[in-house]
Amino acid sequence: MTDDPLAQVRAFLPERNILTLATLGPDGDPQAADLYYAETDDLTLYFVSIPGSRHAVNIARNPRVAVTIHVDSSQWRDIRGVQLQGTCALVTGADRARAWTRYTAKFPFVLADAALARALDKVSVYRITPRWLRWIDNTASLGHNREWVMVDGEWQTLDPPEQ
């Protein structure tokens, strides 16, 4: 195993395709949406969406978000996944081009289907910047988890919760 305590998270994210994004609605109630995502080594996540979608409108009003990414499992012993909290923002300019390249590298079918590619000309690209992260891995033991928080641009391990 590597000395990097986030190695499991970094290995896990590319194996998955869909995140569940939670945003805050206009009345403060949580709202959730499932979206394809692409990841970076620094754990930034990118997704695309129609600007008028409910979650895009929520993000424009309040950028705080929560995300889950997990395996599909019918056995508690197989549960593994990531929970995170952070902020989300519209990506523009050269950053958008780089994010779009990363996204289409993970999902080449986007460019392979001409009709889909034309439809996606209308989407916006969004960046999720995590500030808190929890890795859950019941394959290690029931309730096994590790937590980190971003401090001054670096991930700092939090003490494990009492179990």
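Any read-out appearing in this document is the output of simple, stated calculations on the displayed coordinates, not a laboratory observation. Since we're looking at a predicted model, the values are computed, not measured. All Cβ positions, glycine included, derive from the backbone under ideal geometry; neighbour counts span all protein chains shown.
When Lys and Arg each count +1 and Asp and Glu each count -1, what net charge do the other residues less than 15 Å away from L35, Cβ to Cβ, add up to? Please report the intermediate quantities before stating the final value.
On the way: positive: R16, R54, R102, K106, R127; negative: D34, E39.
Once positives and negatives cancel, what remains is +3.
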Listed residues T139, T23, T40, most fluctuating in the chain (Gaussian network, C-alpha, under 10 Å): T139
Tail beyond 15 Å, pair distance distribution of the range 8-59 (Cα, percent): 51
Among T68, T129, T101, residue whose mean-square fluctuation peaks in a GNM of the chain (springs only between Cα atoms under 10 Å): T101
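In square nanometres, what is one fourth of the surface area of the convex hull spanned by the alpha carbons of the chain?
Working: hull surface 45.6 nm².
Directional mean of the projected Cα hull area for the chain stands at 11.4 nm².
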Label-point separation, K106 to L142 (7 Å along Cα→Cβ), nm: 3.3
Under the Karplus curve 6.51 cos²θ - 1.76 cosθ + 1.60, θ = phi - 60°, whole-Hz ³J(HN,Hα) for the range 73-85, x wherever Gly or Pro sits: 9, 10, 10, 4, 5, 9, 5, 8, x, 10, 10, 8, 10
For the chain, built as a Gaussian network whose Cα springs stay under 10 Å, the top-fluctuating residue of Q83, Q75, Q31: Q75
Estimated 222 nm signal from helices in the chain, with DSSP H stretches of n ≥ 4 weighted -39500 (n - 2.57), rounded to 500: -6000 deg cm²/dmol
